[in-house]
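Shown next, in structure tokens, is the structure this report addresses.
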Amino acid sequence: MANQLTEVEVLRKLGIPDFRHLSKDKVMSFASMLQDMDPEVAKKALEQFPEFAKVSLQAMTDYKETLNKTLEKDKDSSNRVYDAYDQIISTLRIAAEKEDVPFEEKQFYINKMVEVAQMADKKDSENKKYNWAVLGQAALAAVVLVGGTAAVLGGKTDIKLPKL
């Protein structure tokens, strides 16, 4: 295969003097380069870094924790926004239900409630899009790590991903 990365190129890209200095924070970068490396270079790297599987697992665990924290913060933020929307709609509903309110004013309140409901719907769509993006990043990280390693070690790497 043409243009495969040499050992020197891989070490330079990782910013380390040799593969024994491959740290947890560099594992994902290393794994993403595996498919572009000369197979002998990759095997040599893995031989010099026998803890690769353990460190890879720890890196994925740390990544998962970061994703969970990010999603939890987003959930908290979204809940506060939805609570505010609920409060606004509740206030508008109370104003619209008063007996002495003219029809035009009731119609105004109803239109405002519809606007707030549309804002809530837009926020929900944004959250779903964001969550899918985060899940996609996690899946890509896992595929790069596992697939790259399997490719170097001679495993089958024709992974089929489901269509969304």
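Read the figures in this text as sums done on the coordinates, not as results from a lab. Small disclaimer: the values here were computed from a predicted structure and weren't measured. Because the Cβ atoms are built from the backbone with ideal geometry, glycine has one as well, and the counts that use them run over all protein chains shown.
Cβ-Cβ distance of Tyr130 and Arg80, R₀ of 22 Å, FRET efficiency by 1/(1 + (r/R0)^6): the value works out to about 0.90. The smallest convex shape that holds all Cα atoms of the stretch 7-50, its convex hull, gives 62 Å³ per residue. Between Gln4 and Ala95, the modelled labels are 7.1 nm apart [label points 7 Å from Cα along Cα→Cβ].
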